[in-house]
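Asker: Got a structure for you, written out below as structure tokens; questions coming shortly.
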Amino acid sequence: MSTAFTGVFQRGFGTFPLRSEKLKSAVRTAAEIGYRAFDTAQWYGNEADLGAVLPELGIDRTLLQITTKVHPHNMSADKFMPSVEKSLRDLKTEQVDVLLLHWPPNDNPVEPSLTLLQDAYEKGYAKHIGVSNYTTAMMRAAVRCLDAKLVINQIEFHPLLNQDKVLATAAEVGIRLGSYCSIARGEIFKYPVLGEIGEGHGKSAAQVALRWILQKGVALNTMSTKRANMQANFDVMDFVLSSSEMQKIDVLTTADYRISNAETVPFAPVWD
Ligand SMILES: NC(=O)c1ccc[n+]([C@@H]2O[C@H](COP(=O)([O-])OP(=O)(O)OC[C@H]3O[C@@H](n4cnc5c(N)ncnc54)[C@H](OP(=O)(O)O)[C@@H]3O)[C@@H](O)[C@H]2O)c1
């Protein structure tokens, strides 16, 4: 059995924006391919759909990693625990594997919501806890105020965005990074160098982008509704990018293409 975000759990299957039968069908296919880590959130409105399909997979619960995230509107003392209890009921589980704070609180200190997260961990509602969309300053504040370890900071991470500062701070404070928008929702396909590098390995541009993320030490979270894409996103462990190939991809980060910014998400902090 793998611990959080190691082994097969390094390749997670994201569920946003899937719901109902579309979600169930995608999760069944992903599980057939071999995915064992599934990522949802209170915000996605699909925890109950995921909770309904998981028992049908015929996979022992201990072999799955289920991550959910607390909605920013549920981070007050009165709403936090009831919201987590509802997530557990919807997901039909007594404990999620990973519970994250989905976004940092706007213009407020991070400590109160982190303390509530730790309370949920101490109650046994989560095997591991973590955060999402935390800046370097927030990660530092988090490790100062918590006794429990944060296993992950899930952030936008792909070849078109330079996240070196966040990577360096994460390594310094001992928090792993996890990716979202790993192929920048298709934007990476505008950069032929990824496909050119892929040709030498018999891999696609998407697989090269995902391998670059893994070789940065970042766990993957990808989403697709198509079996072929799900399979491709999973088949990224059997080749290695050379350091010169990694550097060629590093150059693309100057594009500074960010999907989650203040215009698209009201909770987005001032990024590093
Ligand atoms: N923590 C956060 O704030 C946050 C924010 C955003 C997302 N997330 C999580 O991260 C997951 C992934 O992010 P995302 O879905 O926004 O972005 P993404 O993985 O960059 O892009 C997903 C899109 O790319 C397509 N795609 C996937 N694999 C492909 C491949 N191999 N070749 C070509 N196209 C491919 C999919 O379309 P097809 O269905 O046609 O394959 C889908 O429309 C979400 O599901 C969610 O769980 C978290």
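The values are calculated or read from the model by the stated rules, or taken from the named source; none is laboratory data. Keep in mind the model is a prediction, meaning the values are calculated, not measured. As a convention, Cβ positions derive from the backbone with ideal geometry for all residues, glycine included, and neighbour counts pool all protein chains shown.
Asker: Of all residues in region 252-268, which are outside any helix (DSSP H, G or I) and not hydroxyl-bearing (S, T, Y)?
Answerer: Passing the criteria: D256, R258, I259, N261, A262, E263, V265, P266, F267, A268.
Asker: Here's a follow-up. Take the residues in region 216-237 that are of a type in the set (A, V, I, L, M) and surrounded by fewer than 16 Cβ atoms within 10 Å (Cβ to Cβ); name whichever of them is farthest from the ligand (Cβ to nearest atom). Even if it seems obvious, please write down each step before you answer.
Answerer: Of region 216-237, the ones of a type in the set (A, V, I, L, M) are 218-220, 223, 228, 230, 232, 236-237.
Next, only the ones that are surrounded by fewer than 16 Cβ atoms within 10 Å (Cβ to Cβ) stay: 228, 237.
Values: A228: 8, M237: 15 Å.
Within region 216-237, the match that is farthest from the ligand (Cβ to nearest atom) is M237.
Asker: Sticking with this structure for a sec: Are there any pairs, at least 6 apart or on different chains, whose C-beta atoms fall under 9 Å, with the first in region 203-227 and within 15 Å of V166 (Cα to Cα) and the second more than 11 Å from the ligand (Cβ to nearest atom) and of a type in the set (F, W, Y), and if so, which?
Answerer: As it stands, the answer is A219/F5; A219/F9, since those pairs meet every condition given.
Asker: Just give me the residues in region 127-184 being of a type in the set (G, A, S) and in a strand (DSSP E or B), in sequence order. Lay out the reasoning, then the answer.
Answerer: Filtering region 127-184 for residues of a type in the set (G, A, S) gives 130, 132, 137, 141-142, 148, 168, 170-171, 174, 178-179, 182, 184.
The answer is G130, S132, G178, S179.
Asker: Separate question: Only residues that are among the charged types (D, E, K, R) and closer than 22 Å to V27 by Cα: list them for region 215-245, please.
Answerer: K226, R227, D235
Asker: Kindly indicate whether Q207 is in a strand (DSSP E or B) and near the ligand (Cβ under 10 Å from one of its atoms).
Answerer: So Q207 does not fit the description; no.
Asker: Within region 191-200, track down each residue that is assigned to a loop (DSSP other than H, G, I, E, B) and away from the ligand (no atom under 15 Å from the Cβ). Lay out the reasoning, then the answer.
Answerer: Here is the first cut: in region 191-200, the residues assigned to a loop (DSSP other than H, G, I, E, B) are 191, 200.
Within region 191-200, just G200 meets the criteria.
Asker: While we're here: Taking region 65-92 as the region of interest, how many residues are surrounded by fewer than 18 Cβ atoms within 10 Å (Cβ to Cβ) and either among the hydrophobic types (A, V, I, L, M, F, W, C) or within 26 Å of G7 (Cα to Cα) (or both)?
Answerer: So the count comes out to 3.
Asker: Say we look at region 1-45 and pick out the residues that are away from the ligand (no atom under 14 Å from the Cβ), exposed (fewer than 15 other Cβ atoms within 10 Å of the Cβ) and in a loop (DSSP other than H, G, I, E, B); which of these is farthest from the chain's Cα centre (by Cα)?
Answerer: M1
Asker: Looking at N233, N229, which is the one that is out of contact with any Phe, Trp or Tyr (no Cβ under 7 Å at 6 or more places or on another chain), part of a helix (DSSP H, G or I) and closer than 13 Å to V208 by Cβ? If you could, list the steps in order and put the result at the bottom.
Answerer: On the way: N229 fails: closer than 13 Å to V208 by Cβ.
Just one listed residue meets the conditions, N233.
Asker: So which of I213, I188 is within 11 Å of the ligand (Cβ to nearest atom), at pLDDT 95 or above and either surrounded by fewer than 16 Cβ atoms within 10 Å (Cβ to Cβ) or under 22 Å from H128 (Cβ atoms) (or both)? If you could, list the steps in order and put the result at the bottom.
Answerer: Values: I188 fails: either surrounded by fewer than 16 Cβ atoms within 10 Å (Cβ to Cβ) or under 22 Å from H128 (Cβ atoms) (or both).
Selected residue: I213, the only one of I213, I188 that is within 11 Å of the ligand (Cβ to nearest atom), at pLDDT 95 or above and either surrounded by fewer than 16 Cβ atoms within 10 Å (Cβ to Cβ) or under 22 Å from H128 (Cβ atoms) (or both).
Asker: Do we have any residue at all in region 243-251 that's away from the ligand (no atom under 16 Å from the Cβ), of a type in the set (S, T, Y), modelled with pLDDT of 95 or more and not in a loop (DSSP other than H, G, I, E, B)?
Answerer: Within region 243-251, one or more residues are away from the ligand (no atom under 16 Å from the Cβ), of a type in the set (S, T, Y), modelled with pLDDT of 95 or more and not in a loop (DSSP other than H, G, I, E, B).
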